[in-house]
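What follows is one structure encoded as structure tokens, with my remarks underneath.
The values are calculated or read from the model by the stated rules, or taken from the named source; none is laboratory data. The model shown is predicted, which means the values in this text are computed figures rather than measured ones. For neighbour counting, all protein chains shown are included, and Cβ atoms are generated from backbone atoms with ideal geometry for every residue, glycine included.
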Amino acid sequence: MPNALAGDENCVVALPLLVVVSGPAGTGTTTLAHTLARAIPCPAICRDEIKEGLVHPEDDYTPAPGDAMQQRTFQTFFGVVRFLIEAGASVVAEAAFQHRLWEAGLLPVLDRAQVRIVHCRVDAAVAWARIARRADETDARRAVHGDYSLLGSFDDFKTRFDGFDRVALPVPSIDVDTTAGYDPALDEIVAFANTP
């Protein structure tokens, strides 16, 4: 039975839903993940929030690309997602990971969940402005994440943004423009996620 997990010998448990929300930084992935999780309903597990929780008890942390905290965050994020899926809970998982990281983290659960991928997209200039606004509004954010994309020029940012290698797994996917609300509309995205 492809859409079910064997439980005890007397019952069969339906496969949980795993909605992957991804896209380059500034494309609205976290906001959409929480909105979808409320609509489905199920928990939202967000990579940046996991990192913020891990950094919180640290006395002195200075973010750097590829540091030990990033690896710890990666392992914790996917550990929580796997734990929930293996427990039979549906979940929305959000991160600005590129394909190789999503693939490495999701391969162990691809046959344990009904996986749907939501790709968020906006113009690079919109993403740049969102990241700058977010960094200005939340002092703690830069202390935890660094917001490295703001350290170079817009042209450098756009090159990296345009080169983002989006997650590509053999499961249904949908593109969502988050420039002004959602296109397609939220109810269509929820319907896409919930379609067996």
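Within the stretch 52-89, can you find the residues that are surrounded by 14 or more Cβ atoms within 10 Å (Cβ to Cβ), out of contact with any helix residue (DSSP H, G or I) (no Cβ under 6 Å at 6 or more places or on another chain) and closer than 22 Å to residue 42 by Cβ? Once the filter is applied, which keeps residues that are surrounded by 14 or more Cβ atoms within 10 Å (Cβ to Cβ), out of contact with any helix residue (DSSP H, G or I) (no Cβ under 6 Å at 6 or more places or on another chain) and closer than 22 Å to residue 42 by Cβ, the stretch 52-89 yields 74, 80, 81, 84, 86, 88, 89. Total residues in the stretch 21-48 satisfying the condition of being touching a residue at least 12 places away in the same chain (Cβ under 8 Å) and charged (D, E, K, R): the figure is 2. Across the stretch 36-50, the qualifying residues are those that are assigned to a helix (DSSP H, G or I) and closer than 29 Å to residue 63 by Cβ, and the one among them that is nearest to the chain's Cα centre (by Cα) is 47. What's the total number of residues in the stretch 121-158 that are β-branched (Val, Ile, Thr) and either at pLDDT below 95 or at positive phi (or both)? Qualifying residue count, the stretch 121-158: 3.
Each residue in the stretch 10-27 was checked for being buried (at least 24 other Cβ atoms within 10 Å of the Cβ) and either touching a strand residue (DSSP E or B) at 6+ places or on another chain (Cβ under 6 Å) or among the aliphatic types (A, V, I, L, M) (or both), and 6 of them qualify.
For the residues 118, 81, 167, the requirement of being under 14 Å from the mean Cα position of the chain (by Cα), part of a strand (DSSP E or B) and at pLDDT 95 or above singles out 118. Every condition in (1) modelled with pLDDT under 95; (2) under 16 Å from residue 25 (Cβ atoms) holds for residue 95 except the one numbered (1).
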